[in-house]
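Down below is the structure, laid out as structure tokens.
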Amino acid sequence: MTQETIKVEGMSCRHCQMTVTNAISGVAGVSNVEVNLKDGQATVDYDEGKTNTNAIKAAVVEAGYKA
Ligand SMILES: [Cu+2]
């Protein structure tokens with residue numbers, strides 16, 4: 001299991017925080033995600049055999065934010 005903190009730009013409210021949380025949670029291999037709205041970052045626990053930083057960032061971008 002790997003833990004990584006990713007910068008997320010563009011979140012302005014709790015709705016954004018929830019959208020990003022759901023987007024990252026939806027990536028196969030992600031076991032936990034904590035999105036910090038104030039700091040603009042997401043701390044993600046994931047199985048490095050199943051996913052990677054690029055896939056997680058892609059999910060954030062797909063949800064409409066910058067990673
Ligand atoms: Cu928002």
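No value in this document is a laboratory result; all are computed from the given coordinates. Predicted model only: the values in this text are computed from it and were never measured. Counting neighbours? That spans all protein chains shown, and the Cβs are built from the backbone with ideal geometry, glycine included.
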For region 57-67, 3J(HN,Hα) per residue [Karplus equation, 6.51 cos²θ - 1.76 cosθ + 1.60, θ = phi - 60°, Hz, x = Gly/Pro]: 4, 4, 5, 5, 5, 5, 7, x, 10, 9, 10
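Under a Cβ-Cβ cut-off of 13 Å, what is the net charge of the residues other than residue 1 that fall near it, where Lys and Arg count +1 and Asp and Glu count -1?
Details: positive: 50; negative: 4, 45, 47, 48.
Surrounding charge for residue 1 is -3.
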Unit charges on C-beta of K, R, D, E only; dipole of region 2-62, Debye: 180 debye
Which whole-Hz couplings ³J(HN,Hα) result when phi for each residue of region 12-29 is put into the Karplus expression 6.51 cos²θ - 1.76 cosθ + 1.60, θ = phi - 60°, listed in order with x for Gly and Pro? 10, 7, 5, 5, 4, 4, 5, 4, 5, 4, 5, 4, 6, 4, x, 6, 4, x
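By the scheme Lys and Arg +1, Asp and Glu -1, what is the net charge of all other residues having a beta-carbon under 9 Å from that of residue 44? Could the numbers behind the result be given before it?
On the way: positive: none; negative: 4, 34, 45.
Taking every Cβ under 9 Å from that of residue 44, the sum is -3.
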GluC sites (Glu not before Pro) within the chain: DSSP coil, no more than 16 neighbouring Cβ in 10 Å: 48
With each run of n ≥ 4 DSSP H residues scored as -39500 (n - 2.57), what mean residue ellipticity at 222 nm is computed for the chain after dividing by its residue count and rounding to the nearest 500 deg cm²/dmol? -10000 deg cm²/dmol
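Net charge around residue 26, counting only other residues with Cβ within less than 14 Å of its Cβ (Lys, Arg = +1; Asp, Glu = -1)? Walk me through the intermediate numbers first.
On the way: positive: 50, 57; negative: 62.
It works out to a net charge of +1.
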